[in-house]
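Participant: First, the structure itself, so that you have it in front of you.
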2 protein chains.
Amino acid sequence: MTDTATSFPTDHAAPAEVLNPPMPEPIGPTHEGRRRSAAEEARTLVAQTNVATLATLSEDGHPWGSLVSYATLADGSPVLCVSLLAEHGRNLRADQRASLVVAEPARGGDPLNSGRVTLAGVAQRPTGTLEATARDAYVQAHPPARLYAGFGDFSLWVLRVDRVRWVGGYGRMDSADAASYRAAEPDPVQGQTAYAIAHLNADHADALLLMARAFGGHPDALSATCTGADRYGIELRVVTPRGETRARIGFAEPIVEPDGLRGATVELTRRSRAALA
Amino acid sequence: MTDTATSFPTDHAAPAEVLNPPMPEPIGPTHEGRRRSAAEEARTLVAQTNVATLATLSEDGHPWGSLVSYATLADGSPVLCVSLLAEHGRNLRADQRASLVVAEPARGGDPLNSGRVTLAGVAQRPTGTLEATARDAYVQAHPPARLYAGFGDFSLWVLRVDRVRWVGGYGRMDSADAASYRAAEPDPVQGQTAYAIAHLNADHADALLLMARAFGGHPDALSATCTGADRYGIELRVVTPRGETRARIGFAEPIVEPDGLRGATVELTRRSRAALA
């Protein structure tokens, strides 16, 4: 089973507390719930943008990186449209082995403490109905391509993903196999999390504090700030008399709709209030 | 001579006007002046950020891409600090061929119409005084590394750049050789251009119009907007009774200081006014 988040490798030749300083432990009930698998993290990242870096092999076997725009098929396979006049296009024609790196759009801060995924596989020219599907997907993801996707020197490629390596930031990384990647869903709430987090922190600090006390493991919490949210739960930074710490609290059910964060947090607030009553 | 900007390859199997629609030609004096070479463009891009995508070779020869943070030595050589616990670290230890892709920070719009550069070369472990220089540069560019750059599983690498491919966007691309890259300077005004462009457009539309009429080739210009600036000149979008077009106007002298754009545009405005008097 390689498809779950693991902690930072413990064989770094340095004390673990340098990278992961100790934080107050839970002293009350916790309910972390499910977390996105590496395959889900990868699918979510890939669904977030349309620009990536492609690694191919130059004629002499040298690894060659280049910026590309991509679309995604329903099974997560990336679609590329490259010119044979460009080095990456010539490379793919000669050797179809490739990998694609998709990075979370920069949000300031440490760029290495953000999400990225490498999809390694073999690029294939789509044929039959797949060709039209791939072309439509590419033009939809990258509208300027309607001007050139039909040019003779541009060719469509679908990357058949064989291996997935996800890094979520310091201490959050894992691999996923091809079948898990293809079967996983992008998180439906991903496009709404930035707004939801800002809204929760601006207008519902009282609800976050209830959650931290009831299910975050910190009944003595003094305040709580939302730092993350996904279809399975929310992440809090919690201030306690014992110091500052973090908590994850799972929702009752996975969210299945893009606008589901509101309902899930309202439900969690209600349950937190009941648990503390 | 490969070190100058060239236009979009003319052998694209499509009419050139699809990608480059015709615009009104100059009907008056022009002074485009010098443009940044591909080597200067590359050095400027590399100086702008500290995050890139590294392409290395996996054990089986598959190209492998991964996100890295980098620093830059005085000659433009990138410095990396990677863990041997990570795939790219193991890859470099086994085969030092690599390339690094640095992309202009996203500004919205078409991601393929923005700057990026590929630096291909061979990674080397720095020794002697170079090791301390490289480590200091890396920790300065990426401060969190002070926590782990000394760990036993992290190693410093300096990429000896052999080949440079710069793409500035649609129709702007060229290669540079290693010597040109090492000798070129990053544009000193790069960090100031966004502010300068906004300021010129907000407060000095009259001056931009003078420039377009005097040296942009469009004495009948009705309005002009600044769309770009560098140490050698400015780029304008110009509205004329004949349609909308573009102009580049060179400064009298290359700017050598980060804060030199103000003086250069004031001087160009003065000369434009004199030329039209």
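Participant: Starting from the Cα of A:ASP60, step 7 Å along the direction of its Cβ; do the same at B:GLU59; then give the gap between the two resulting points in nm.
Facilitator: Calculated label separation equals 2.7 nm.
Participant: Let me ask another. Can you list which of the trypsin sites (Lys or Arg not before Pro) found in segment A:90-123 are DSSP loop residues with at most 10 other C-beta atoms within 10 Å?
Facilitator: Taking segment A:90-123 and a limit of 10 other Cβ atoms within 10 Å, the loop trypsin sites (Lys or Arg not before Pro) found are A:ARG107.
Participant: Would you mind checking which residues have amide H under 5 Å from B:ARG163's amide H? H placed 1.01 Å from N; only 5 or more apart, or other chain.
Facilitator: Those lying under 5 Å, H to H, from B:ARG163 are B:ALA120.
Participant: For the modelled label position 7 Å from the Cα of A:ARG246 along Cα-to-Cβ, which residues of segment A:218-239 have backbone nitrogen atoms closer than 11 Å?
Facilitator: So the set is A:227-228, A:235-238.
Participant: Carbon and sulfur: what percent of the protein assembly as shown's accessible surface (1.4 Å probe)? Show your work: numbers first, answer last.
Facilitator: Numbers: 13380 of 25140 Å².
Of all accessible area on the protein assembly as shown, carbon and sulfur atoms account for 53 percent.
Participant: Rounded to the nearest Å, what's the spacing between the alpha carbon centres of segment A:18-57 and segment A:224-260? Just the number, please.
Facilitator: Value for the Cα centre distance between the two parts: 13 Å.
Participant: Amide H neighbours of A:ARG246 under 5 Å, counting only residues 5+ apart in sequence or on other chains, H built in-plane at 1.01 Å?
Facilitator: A:VAL238
Participant: Any chance you could check segment A:75-102 for residues losing 20 Å² or more of accessible area when the partner protein chains are in, compared with the chain on its own (1.4 Å probe)?
Facilitator: Hits at the 20 Å² cut-off: A:LEU85, A:GLU87, A:ARG97, A:SER99, A:VAL101.
Participant: Sticking with this one: Mind listing the phi-derived Karplus ³J(HN,Hα) values for segment A:230-241, rounded to whole Hz, using 6.51, -1.76 and 1.60 with θ = phi - 60°, and x for any glycine or proline?
Facilitator: Karplus values, whole Hz, x for Gly and Pro: 8, 5, 9, x, 10, 10, 10, 9, 10, 9, 10, x.
Participant: Taking θ = phi - 60°, what integer Hz values does the Karplus form 6.51 cos²θ - 1.76 cosθ + 1.60 yield along segment A:167-177, in sequence order, with x for Gly and Pro?
Facilitator: These are the phi-based 3J(HN,Hα) values: 10, x, x, 4, x, 10, 7, 5, 9, 9, 8 Hz.
Participant: Given a 1.4 Å probe and no ligands, DNA or RNA in the count, how much accessible surface is buried by A and B, both sides, to the nearest 100 Å²?
Facilitator: Working: alone 14520 and 14520 Å², together 25140 Å².
About 3900 Å² of accessible surface is lost on pairing.
Participant: Let me ask something else about it. So what is the accessible area of chain B per residue, in Å², with the probe set to 1.4 Å?
Facilitator: Values: 12570 Å² over 277 residues.
That works out to 45 Å² for each residue.
Participant: Below 8 Å between Cα atoms, with a sequence gap of 6+, how large is the relative contact order for chain A in percent? Numbers along the way, then the final one.
Facilitator: On the way: 577 pairs, mean separation 63.2, N = 277.
23 percent.
Participant: Same structure, new question: Using +1 on the beta carbon of Lys and Arg, -1 on that of Asp and Glu, and nothing else charged, what's the dipole of segment B:39-183 about the Cα centre, debye to 20?
Facilitator: 140 debye
Participant: Once whole DSSP H runs in chain A are found, which of them have Cα atoms spread over 20 Å or more along the helix axis and a mean Kyte-Doolittle score of at least -1.0? Please list the in-between numbers first.
Facilitator: Details: long enough: A:261-276 (22 Å, -0.19).
Helices passing the filter in chain A: A:261-276.
Participant: Once you've got the GNM for chain A with C-alpha springs shorter than 10 Å, pick whichever of A:ALA205, A:ALA214, A:ALA247 has the biggest mean-square fluctuation.
Facilitator: A:ALA205
Participant: Picking from B:PRO241, B:PRO111, B:PRO186, which is most flexible by a Gaussian network model of chain B using Cα springs under 10 Å?
Facilitator: For chain B, modelled as a Gaussian network with Cα springs under 10 Å, the answer is B:PRO241.
Participant: What is the dipole size for chain B, taken about its Cα centre, with +1 at each Lys and Arg Cβ and -1 at each Asp and Glu Cβ, in debye to the nearest 20? It would help to have the intermediate numbers written out before the result.
Facilitator: Working: 27 positive and 32 negative charges, 51 e Å.
In debye, rounded to 20, chain B gives about 240.
Participant: Further question: Let's see if you can work this out: charge +1 on each Lys and Arg Cβ, -1 on each Asp and Glu Cβ, no other charges. What is the dipole magnitude of the protein assembly as shown about its Cα centre, in debye to the nearest 20?
Facilitator: On the way: 54 positive and 64 negative charges, 71 e Å.
The calculated dipole for the protein assembly as shown is roughly 340 debye.
Participant: Can you list residues from other chains, or at least 5 along the same chain, whose modelled amide H is less than 5 Å from the amide H of B:THR72?
Facilitator: Residues meeting the criterion, in which the H sits 1.01 Å from N, are B:VAL79.
Participant: Could I ask something else about it? I want the local charge near A:ALA145. Using Cβ-Cβ distances under 11 Å, sum +1 for each Lys or Arg and -1 for each Asp or Glu among the other residues. Intermediate values should be presented prior to the final figure.
Facilitator: Working: positive: A:ARG135, A:ARG146; negative: A:ASP136, B:ASP110.
So the environment of A:ALA145 carries a net charge of 0.
Participant: Are there trypsin sites (Lys or Arg not before Pro) in segment A:174-277 that DSSP marks as loop and that have at most 15 other Cβ atoms within 10 Å, and which are they?
Facilitator: Details: sites: A:ARG182, A:ARG213, A:ARG231, A:ARG237, A:ARG242, A:ARG246, A:ARG248, A:ARG262, A:ARG270, A:ARG271, A:ARG273; in loops: A:ARG231, A:ARG242.
Those satisfying the criteria are A:ARG242.
Participant: With springs connecting C-alpha atoms under 10 Å apart, model chain A as a Gaussian network and identify which of A:THR118, A:THR30, A:THR127 has the largest mean-square fluctuation.
Facilitator: Maximum fluctuation in the GNM of chain A, among the listed residues, is at A:THR127.
Participant: To continue, here is another question. Anything losing 10 Å² or more of accessible area from the isolated chain to the full protein assembly: pick those residues out of segment B:161-191, probe 1.4 Å, ligands and DNA/RNA ignored.
Facilitator: The answer is B:ARG163, B:ARG165, B:TYR170 - residues whose exposure falls by at least 10 Å² when every protein chain is included.
Participant: Set Lys and Arg Cβ to +1 and Asp and Glu Cβ to -1, take the dipole of chain A about its Cα centre, and tell me which of A:ALA94, A:LEU209, A:THR127 lies farthest positive.
Facilitator: A:LEU209
The values are calculated or read from the model by the stated rules, or taken from the named source; none is laboratory data. All of these numbers come straight from a predicted model, not from anything done at the bench. Here Cβ is always computed from backbone atoms with ideal geometry, including for glycine, and neighbour counts include all displayed protein chains. The protein model used for the area step is the full one, side chains on, heavy atoms only, and it has no ligands, DNA or RNA in it. Shrake-Rupley method; radii C 1.70, N 1.55, O 1.52, S 1.80 Å.
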